[in-house]
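Read through the structure below, which is laid out as structure tokens, and then see the notes.
Read the figures in this text as sums done on the coordinates, not as results from a lab. Just so you know, these numbers come straight off a predicted model, no measurement behind them. Cβ sites come from the backbone with ideal geometry, for glycine too, and all protein chains shown count toward neighbours.
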Amino acid sequence: MNQNSTIGMGAPEVRLKRILIVDDAATVRMYHRQILEKAGYAVEVAINGIEALEKALQEPFDLYMVDVNMPKLDGMGFLRRLRMEDILQSPAIMVSTEAEFNDASSAFASGANDYLVKPVKPQQLLAHVRLLLGEVDA
Amino acid sequence: MNPLLKEFLAESRDALESIGIILMRMEKTPDDAQLVEELFRIVHTLKGSSGLFQFPEMTRVLHAGEDLMSVLRQREISFTQLLADQLLDAMDFVALLCDEVESCGQVAATHSEQSVLLAERLRSWIVKPLTDSATNTDRPTASESVFALDDLGEVHPLDSVPEAIRSLAEGRAKEGVQLHWVRYVPDSECFFHGEDPLHLARQTPGILYGRILAREPWPNLVSLDAFRCVLEYQMLVATDLSLLVEHFRYVTEQVRVTSFDPFFPCRPSNDLGISEIHAWQVNRIPRHEQNAFCAILSAQRRALRVESEPKGCEGRLRAIALVLQHCAKAIGDESAKPKIQQALDAALVLQSGKPLLDLLHEWVGDQDLTSEESESSPESSVSPAPDDSSVSGILEPLLDSPDDTKSPVLSISDTQVESTISGLDSSFPSDHPEGTFSKSTREEGPKFGRRADDHLVSKTLKVDQEKIDRLMNLIGEMVVAKNALPYLAKRAEDHFGVRELSREIKAQHASINRIAEEMQDAIMQVRMMPVSVAFQRFPRLVRDVSRQLGKNVNLILEGEETEADKNIVESLSDPLIHMVRNSLDHGFETPEIRRALGKPPTGTLTIRASQEADHVLIEIQDDGKGIDPSLVKRKAFEKGIIDQAQLERISDREAIHLVFAAGFSTAETVSDLSGRGVGMDVVRNAVEKVHGTLALESVVGKGTLVRITLPLSMAVTKVMIIETDGQIFGIPMDVVWETVRVARDDIHQVQHQQATILRGKVLALKPLNGFLNLDAPPKPNQDDQFAVLVVRSENGSLGLIVDNFRETLDVIQKPLGSVLTGLNSYSGSALMGNGSVLMILNVREMF
């Protein structure tokens, strides 16, 4: 099941899965972060696409959780640029309000693998994250 | 307080402030698309964040605001002042709610009515229904209104049911029990018929969840008729319909029952059909992950179909393949692994998602493709739809709805589903799948990463103020601690007689001193902020107030980037507001009068900030009617601020400064805005508190200029140490004018006052001992001269007779705490190098 659960006495060192939350709303960042950190992921945050890209280029993440509407570089723009990098092919979740998903196709066109509608429920978020990270095992 | 809530409050305050600023700017440039975009984004973000909490009033207003911004940005309506007014009102309301949440943790129910009103007013601007309100109306025939949609008007009934109940309901449904949503709206006169709606509702068979709602916003208590039922009951029940009918047989016309789709009662967050679920044996996945699984799988399918730019194509395909691998792993399909890899390889060669899409279709079927893509996708016939016909017949059209989060997978009735489909068809994006990309285009174009690197230069850290205050305190202690070194050196020399050590200590002190000073400087820099922070409120203030007064005033802000210590900037805010209000209220004439005087009808108010040496200069200048010294004199006399003698000899220049005296007001009537005679007095006090000075210039008929000089930073004060009656005291250097020695013979007694002639001018003298209630007479030095410290304030000069002068010292002044706060003679205290406390005198009190 969850890889992280193997951390323990004598177990080989297991790297925590790294997730990058990209959102300009501090409250939303904190909310998602709390959920994910409690579930045992290493979470980092970025407040816009530019900052997110910088972080991703420094050290790629296992999953990206990206807001659509952000200043400077929005979610779509960020994903488009992310997908141009050879090393950055981890799954990406687009997160936004319903109104914005009238245009879900462009989210997919820019490289999203999944999308969630705000406010995301903790259980729902974790289910998606676990699946996208390949942590669900039959 | 919950940290998340705290974060939210801080975020909303910032956002509300920005909204205000942008609206102001938009009044000047209503067509600036960038501003509208920014405005939309902020309102939108705020709404999103508020949705994390249970503040329906706030969310309602913000949602209406967001919708309004959305039409505004699509240029369906244009920006007007009235619109800005209403939006500002709404934002003020939100700010009010924030305050309330901060102080008592929740929003009072009384705001509900107002929030509805504000939201309606905002929405009334929206001529055409918005995209998302449009989907609201498209939603399963609203006329049925079987779903009592929540007051937000768009919450799906099951959405409002707690997660645990939902999964319970799902479980029951899987066992074959029918689920219903019951909405019971009792007759408002029901109590007179001997009915007990609550009892009836609670006795409903198979009830899983229930709630009671008010049908309309609560009226105020006075008009509330307690004998009418104004409630409605909503329940989620798992039972046979026949039992429900039996239960509610006496009130059938008051009850609406909606039956949920037996196969998929709970809204999956996406759109994979039942047939696909069977095909993929998702039952092997833990139940609460099934929905996620379906959603993700369907998302990959959509991602593969969508056309994308060639540049990121490879990355996209690899990411999709990775997700597919994870999905296969989730259902334990080992055989899928190599197939996905093969498909990916093929896809990469083709630069197209088609091989992966084909593979996906092989597994989950593609029955939903036929309807919309027959014309463009040749593979629509690759694999036949699995024959789970009856169910998929209903669900099929719902697959891949672009608005899937909205489309309830509850099958309500055939007609309703039909209407959903037609609604979806029209809004379905016409993206074409399988765009094949040529390699050449892909290899063009620089990689973004490199370019992005170039942009990533400026980095800003948001640091909690407390942390900086802590640094400030620490450096303060450091400054004090370092002051101990010269004292040590002196002791080493005088007391222990080791001059060598003394010299070494002094050398060491010099280097520590330098580092401490640099450090102090650096920390000061952190605390510096632009005065624009204090200026931000003015555009709105000037606009609101001038309109209220029927005056036209144009505000010009200059030098907003000038920086000063945070405390100074913050202390600026209130006095500036008073002055701006005063200026608007008393300074400017109405447009008619201005015209008659030959002035431009629109007045100009300029607020200017600049830095001069170690001071910040703030000037507030208006071109209004100016201050009439004779009027001021008369008023001051009437109010007893000056006496007859002063009235006769006071100069015009001095007279206008009387407006800063306590209790002065020239306004004929007390207005809402100013004129209570407290304004300018408050200004003076606030400015003096941060060791600033005020000056006023005014020309009748031309206007007034107020000049405030403030120190750049008030963290470190230079004080002069003086000695009297065996004690030492500090006096801030900014009031010390000079130190002189006056021979006993040169001190004259003028009536009750001692005085001396200093460079041809009379200088009043006061012994400090007298001021401090010390009985000892001042001590002269061996030449029978007294040490006189000449201090100055706006009231003139004064010579303080002390026993002796000592060195000057940098200190961190701390305000007097607890019982000492009432001592006006002292402005604070500071720690000395040897650990003793130095009291700092408040010289203004001595005049």
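DSSP loop chymotrypsin sites (Phe, Trp or Tyr not before Pro) in region B:584-669 with at most 11 other Cβ atoms within 10 Å of their Cβ, which ones?
Loop-located and lightly packed - none at all.
Under 8 Å for C-alpha pairs, at least 6 residues apart: give me the relative contact order for region B:3-128, rounded to a whole percent.
31
Spelling out what I want: for every residue of region B:520-537, take phi, set θ = phi - 60°, compute 6.51 cos²θ - 1.76 cosθ + 1.60 (Karplus), and round to whole Hz; glycine and proline get x.
4, 4, 5, 5, 4, 4, 4, 7, 5, 9, x, 5, 4, 4, 7, 7, 3, 6
Rounded, prolate or oblate: pick one for region B:531-711, where a ≥ b ≥ c are the square roots of the eigenvalues of its C-alpha gyration tensor, a/c under 1.5 means rounded, and failing that, prolate if a/b is larger than b/c, else oblate.
Note, shape of region B:531-711 comes out oblate.
Using the Cα gyration tensor of region A:14-132, with a ≥ b ≥ c the square roots of its eigenvalues, what is the shape: rounded (a/c below 1.5), prolate (a/b larger than b/c) or oblate (neither)?
Because its axes are fairly even, with a/c under 1.5, region A:14-132 counts as rounded.
Just checking the output field for A:116-127: average partner chain Cβ neighbours within 10 Å of each residue's Cβ?
Taking all residues of A:116-127 together, the mean is 5.
Just to check I understand the Karplus step: with θ = phi - 60° and J = 6.51 cos²θ - 1.76 cosθ + 1.60, what whole-Hz values come out for region B:349-357, glycine and proline as x?
5, 6, 6, 8, x, 4, x, 5, 5
Quick one: Karplus J couplings for region B:547-564, per residue in order, coefficients 6.51, -1.76, 1.60, θ = phi - 60°, nearest Hz, x for Gly and Pro?
Couplings: 5, 4, 8, x, 10, 9, 9, 9, 9, 10, 9, 10, x, 4, 7, 4, 10, 8 Hz.
Please give the average number of partner chain Cβ atoms lying within 10 Å of the Cβ of each residue in B:292-301, rounded to a whole number.
Whole-number average of other-chain Cβ neighbours for B:292-301 is 5.
According to a simple spin-label model (label point 7 Å from Cα along Cα-to-Cβ), what is the distance in nm between residue B:821 and residue B:653?
4.0
Skipping prolines and chain starts, which residues have an amide H placed within reach, meaning under 5 Å, of the one on residue B:229, given they are 5 or more residues away or on another chain?
HN-HN under 5 Å from residue B:229: B:189, B:190, B:191.
Report the gain in length on full extension from residue B:685 to residue B:120: 0.36 nm times residue separation, minus Cα-Cα distance, nm rounded to one decimal.
Full-extension gain reported as 198.9 nm.
If packing is taken as the mean number of other Cβ atoms within 10 Å per residue, what is the order of B:42-51, B:353-362, B:97-106, highest first?
B:42-51, B:353-362, B:97-106
I'd like the distance separating the alpha-carbon centroids of region A:119-138 and region B:562-577, in whole Å.
A separation of 49 Å, based on Cα centres.
To the nearest 0.05, what FRET efficiency results for residue B:241 and residue B:54 with a Förster distance of 35 Å applied to their C-beta separation?
Working from the Cβ atoms, E equals 0.60.
List every residue whose amide H lies under 5 Å from the amide H of residue A:43, counting only residues 5 or more places away in sequence or on a different chain, with H placed 1.01 Å from N in the peptide plane.
It is A:19, by chain and number.
So how much slack lies between residue B:9 and residue B:349, counting 0.36 nm per residue of separation and subtracting their Cα-Cα distance, in nm?
Going from the current span to full extension adds 117.3 nm.
I'd like to compare B:643-654, B:23-34: which one has the highest average count of other Cβ atoms within 10 Å, and what's the full order after that?
B:23-34, B:643-654
Between residue B:496 and residue B:844, what's the calculated FRET efficiency when r is the beta-carbon distance and R0 is 56 Å? Round to 0.05.
0.80
Partner chain Cβ atoms within 10 Å, averaged over the residues of A:89-95 - can you pull that number for me?
Mean shielding by partner chains, rounded to a whole number: 4.
In terms of modelled amide H atoms, which long-range or inter-chain residues lie less than 5 Å from the amide H of residue B:551?
Those qualifying (amide H under 5 Å, at least 5 residues apart or on another chain) number zero.
May I ask for the net charge around residue B:85, where only other residues with Cβ less than 15 Å from the Cβ of residue B:85 are counted and Lys, Arg are +1 while Asp, Glu are -1?
0
Just check region B:733-807 against the gyration tensor rule for me: Cα atoms, a ≥ b ≥ c as the square roots of the eigenvalues, rounded for a/c under 1.5, and otherwise prolate or oblate depending on whether a/b exceeds b/c.
Rounded is the answer for region B:733-807, as its axis ratio a/c remains below 1.5.
Find how many whole Å separate the alpha carbon centroid of region B:748-764 from the alpha carbon centroid of region B:20-72.
Cα centres, region B:20-72 to region B:748-764: 67 Å.
Run the quick spin-label model on residue B:163 and residue B:783: label points 7 Å from Cα toward the beta carbon, then report their separation in nm to one decimal.
8.6
Where in region B:52-93 does the amide nitrogen come within less than 16 Å of the point 7 Å from the Cα of residue B:29, taken along Cα to Cβ?
B:79
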